[in-house]
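The values are calculated or read from the model by the stated rules, or taken from the named source; none is laboratory data. None of these values were measured; they are calculated from a predicted model. Neighbour counts are summed over all protein chains in view; Cβ atoms, including those assigned to glycine, are modelled from backbone coordinates with ideal geometry. What goes into the accessible areas is simple: the full protein's heavy atoms, side chains included, and nothing from ligands, DNA or RNA. Shrake-Rupley method; radii C 1.70, N 1.55, O 1.52, S 1.80 Å.
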Amino acid sequence: MAVETYINFNGNCREAVEFYRGVFGTEKPVIMLFGDIPPDGGFPMSEETKKLVMHTEIKVKGSTIMFSDVPSDMPYVAGNNISLVYRSNAMDEIKSIFSQLKVDGTVMMELQETFWSKCYGFVIDQFGIGWQLSYESE
């Protein structure tokens, strides 16, 4: 599996993805909205947030570029809106890399099971680089 790029947008993700799709001539992407995710009482969403893009991706020259909007209750900083995604089908590898990256860094989301991954976490390392680690079953 490869290290991939994840780009966040401030409410204009759909527009950006359509732009990049045209630039690179990619297939039409599947777009998942925040309103499409399973309901969670601990994460109430406004109607505006439900219309934002939670996840989509395009393939460019064999690389995957992933995209998402940032809900209004989360910080968005232009220039700091790109993170790297490390996907692996080895759970021990995910845990080891996460534990090393979090030393002197900031854990944004501890490793945990989500509806899209058995083990996912997000950490900003000591150099300010955001890393999303995700276990992907074979």
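Within segment 85-115, restricting attention to residues that are in contact with an Asp or Glu (Cβ under 7 Å, 6 or more places away or on another chain) and open to solvent by 20 Å² or more (accessible area, probe 1.4 Å), the residue that is nearest to residue 5 (Cα to Cα) is 87.
Of all residues in segment 95-127, those satisfying the criterion of being within 20 Å of residue 65 (Cα to Cα) and outside any strand (DSSP E or B) are 116, 117. Restricting segment 37-66 to residues that are touching a strand residue (DSSP E or B) at 6+ places or on another chain (Cβ under 7 Å) and farther than 22 Å from residue 130 by Cα, the residue that is most open to solvent (accessible area, probe 1.4 Å) is 51. When segment 37-52 is filtered for residues that are in a helix (DSSP H, G or I) and in contact with an Asp or Glu (Cβ under 9 Å, 6 or more places away or on another chain), the ones remaining, listed by number, are 49, 50.
In summary, residue 34 fulfils each of the numbered conditions (1) of a type outside the set (Asp, Glu); (2) in contact with a Lys or Arg (Cβ under 9 Å, 6 or more places away or on another chain); (3) farther than 17 Å from residue 70 by Cα with the single exception of condition (3). The single residue among 117, 83, 96, 134 that is among the polar types (S, T, N, Q) and in contact (Cβ under 8 Å) with a residue 60 or more places away in the chain turns out to be 83. Quickly run through segment 59-76 and pick out the residues that are in a loop (DSSP other than H, G, I, E, B) and within 15 Å of the chain's Cα centre (by Cα). Once the filter is applied, which keeps residues that are in a loop (DSSP other than H, G, I, E, B) and within 15 Å of the chain's Cα centre (by Cα), segment 59-76 yields 70, 71, 74, 75, 76. Residue check: residue 118 meets all listed conditions (1) more than 14 Å from the chain's Cα centre (by Cα); (2) open to solvent by 60 Å² or more (accessible area, probe 1.4 Å); (3) under 21 Å from residue 7 (Cβ atoms) but one, namely (3). Summed over segment 1-36, the residues that are of a type outside the set (Gly, Ala, Ser), open to solvent by 50 Å² or more (accessible area, probe 1.4 Å) and not in a loop (DSSP other than H, G, I, E, B) give a count of 11.
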